[in-house]
Amino acid sequence: MGLPQPPKPGVLMHRAAGGDEIWTVRRHAAADGPLHRPQAVRHRDRYADGYVRFTTRSNIEFMVADQAKVEPLIQALQKEASRSAAPPTRYR
């Protein structure tokens with residue numbers, strides 16, 4: 001078994017002694033904008049088989065068992081973040 005590829009920022013790979021792997025994809029609400037409950041539930045069910053956890057620093061972490069779902073989840077979260085971005089402020 002070779003060395004694992006370095007994960008992207010916000011993605012952690014956990015490997016058990018028996019070889020099982022799970023990926024954690026973290027989304028920071030303060031940096032990426034709010035993730036509303038319907039969006040979080042949709043991503044949780046579609047990509048993370050219903051497993052998420054909330055951290056004390058306003059993060060939501062999606063626990064993904066299938067590595068093939070990691071990149072589509074990241075893309076979906078980035079798409080949501082770009083939609084929720086506030087328009088530029090105009091000063092008079």
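Would you please name the residue that is modelled with the lowest pLDDT, looking only at residues in the stretch 50-91 that are among the polar types (S, T, N, Q) and outside any helix (DSSP H, G or I)?
Step by step, filter the stretch 50-91, then rank; the result is Thr89.
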Would you point out the residue of the stretch 51-76, among those that are touching a residue at least 40 places away in the same chain (Cβ under 8 Å) and over 10 Å from Arg26 (Cα atoms), that is surrounded by the fewest Cβ atoms within 10 Å (Cβ to Cβ)? Gln67
Going by the conditions given, is Tyr47 of a type in the set (Ser, Thr, Tyr) and modelled with pLDDT of 70 or more? yes
Tell me yes or no: at least one residue of the stretch 2-10 is out of contact with any His (no Cβ under 9 Å at 6 or more places or on another chain), modelled with pLDDT under 75, surrounded by 13 or more Cβ atoms within 10 Å (Cβ to Cβ) and not in a helix (DSSP H, G or I). yes
Sole exception among (1) part of a helix (DSSP H, G or I); (2) at pLDDT 90 or above; (3) over 14 Å from the mean Cα position of the chain (by Cα) for Gly18, by number: (1)
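The values are calculated or read from the model by the stated rules, or taken from the named source; none is laboratory data. These figures come from a predicted structure and were not determined experimentally. As a convention, Cβ positions derive from the backbone with ideal geometry for all residues, glycine included, and neighbour counts pool all protein chains shown.
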